[in-house]
Ligand SMILES: NC(=O)c1ccc[n+]([C@@H]2O[C@H](COP(=O)([O-])OP(=O)(O)OC[C@H]3O[C@@H](n4cnc5c(N)ncnc54)[C@H](OP(=O)(O)O)[C@@H]3O)[C@@H](O)[C@H]2O)c1
C-alpha cells in the first residue's frame with residue numbers, strides 16, 4: 001500500500017512518522033509538508049496529485065490557529081474546507097481511501113457528557129465552522145472510502161501544545177493563572193497516530209465497500225485546563241503555583 005501523510009511537520013504528522021519508524025510496517029509511507037503540498041494553493045494540490053498517486057491519503061494538516069482564524073477566515077476555510085474538498089474529489093477519482101482528522105470544535109461544548117459521533121454539531125468559531133465544512137464536503141463527495149476522526153486537546157513531544165507552553169511558563173514563573181471552566185480529555189498524539197496506523201492495516205479499511213464514517217478518538221478521563229496544568233507541574237516536580 002502506498003500511504004501519503006499530509007502535514008509532516010505538525011504534532012500528529014510527526015507522531016505518525018515516529019510510530020512508523022518504530023514498527024514493522026510493510027506499507028510505503030510518504031510524508032509531505034507545506035513546501036511539497038500547499039493546501040492554501042488549489043493549483044499546487046492539483047499538480048501534486050497529477051504527479052503522485054496513493055492507495056491511502058491521510059490528512060493531518062490543518063489551519064489550527066483557533067483564535068487567529070477569526071481574522072484569517074479565508075485562509076482557514078481554504079485549508080480546512082476547500083483543500084479537503086479537493087482532496088476528497090481526487091481520492092474518489094483515483095480510488096484512494098481518505099483518512100481525515102477533525103476536531104471537537106465542531107460541537108458547542110455545552111454537553112455535560114462525552115460527545116458521541118451522532119451528537120448535533122454546532123461550531124462556535126471560524127475554526128470549528130471551517131473544520132465542519134471540510135467534514136461535510138468529504139461526506140458529500142465520498143459516500144464510500146473516507147474516514148473522519150475527530151479528536152481534541154492533542155499534546156506531544158512535537159510542535160506547540162499546552163504541555164510545552166506550561167513547561168515553559170512553569171520554569172519562568174512562581175505562579176500562573178489557568179482557567180478551570182473548560183473541560184476536556186488531553187490526548188497523546190502518538191496514541192492517535194498508533195490508532196491511525198492500525199486503521200491503515202485494518203480489515204475495515206481494506207473493505208472496498210467501506211462506508212464513509214466519523215469516529216471520535218481521545219484518551220480516557222476528563223479534566224480542566226487548570227487540572228491539566230497542575231498535573232503537568234506535579235509530574236515534572238515544577239514548584240510554580242497554579243491558581244484559577
Ligand atoms: N492540536 C489539537 O489540540 C487538536 C485538537 C483537535 C483536533 N485537531 C486536529 O488534528 C489534526 C492534527 O493537529 P496537530 O495538533 O498535529 O496540528 P499542528 O501541530 O498545528 O500541525 C498542523 C500542520 O498543518 C500544516 N499546515 C497548515 N497550513 C498548511 C498549508 N497551507 N499547507 C500545508 N500544510 C499546512 C502545518 O504546516 P507548517 O508546519 O508548515 O505550519 C502544520 O505542520 C488537525 O486536523 C487538527 O485540526 C488538533
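Derivation of every value follows stated rules applied to the coordinates shown; laboratory data play no part. Please read all numbers here as calculations on a predicted model, not as lab measurements. Cβ: placed from backbone, ideal geometry, glycine included. Neighbour counts: every protein chain shown.
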Next item on the list: Would you calculate a helix-derived [θ] at 222 nm for the chain, using -39,500 (n - 2.57) for each DSSP H run of n ≥ 4 and dividing by the full residue count, to the nearest 500?
Entry: -11500 deg cm²/dmol
Check: Using Cα atoms only, what is the angle between the long axis of helix 162-172 and the major principal axis of the chain, expressed in degrees (0 to 90) to the nearest 10?
Finding: 30
Item checked: Modelled label reach - residue 241, point 7 Å along Cα→Cβ, the stretch 161-195 residues with backbone N closer than 11 Å -> 174-176
Note to self: I want to verify a result. In a Gaussian network model of the chain, Cα cutoff 10 Å, which of these has the top mean-square fluctuation: 113, 177, 208?
What the structure shows: 113
Next item on the list: Would you mind getting me the FRET efficiency between residue 208 and residue 231? Use the beta-carbon distance for r and R0 = 45 Å, nearest 0.05.
Entry: 0.50
Checklist line | GNM flexibility winner over the chain from 110, 166, 142 (Cα, springs under 10 Å) | finding: 110
Notebook entry, point to check: Using Cα atoms only, what is the angle between the long axis of helix 42-51 and the major principal axis of the chain, expressed in degrees (0 to 90) to the nearest 10?
Noted result: 60
Notebook entry, point to check: Taking every DSSP beta bridge that has both residues in the chain, what percent is antiparallel when rounded to the nearest 5?
Noted result: 10
Notebook entry, point to check: Residues of the stretch 190-226 with amide nitrogen under 20 Å from the 7 Å Cα-to-Cβ point of residue 119?
Noted result: 192, 213-226
Next item on the list: Determine the shape class of the chain: with a ≥ b ≥ c the square roots of the Cα gyration tensor eigenvalues, call it rounded for a/c under 1.5, and otherwise prolate if a/b is greater than b/c, oblate otherwise.
Entry: prolate
Checklist line | Most mobile of 204, 63, 217 in a GNM of the chain (Cα contacts under 10 Å) | finding: 204
Item checked: Calculated FRET efficiency for the pair residue 94/residue 223, C-beta based, R₀ 51 Å, to 0.05 -> 0.75
Notebook entry, point to check: For the stretch 144-237, what is one quarter of the convex hull surface built on the Cα atoms, given in nm²?
Noted result: 7.3
Margin query: Quick check: Cα centre of the stretch 68-101 to Cα centre of the stretch 133-196, how many Å?
Written below: 19
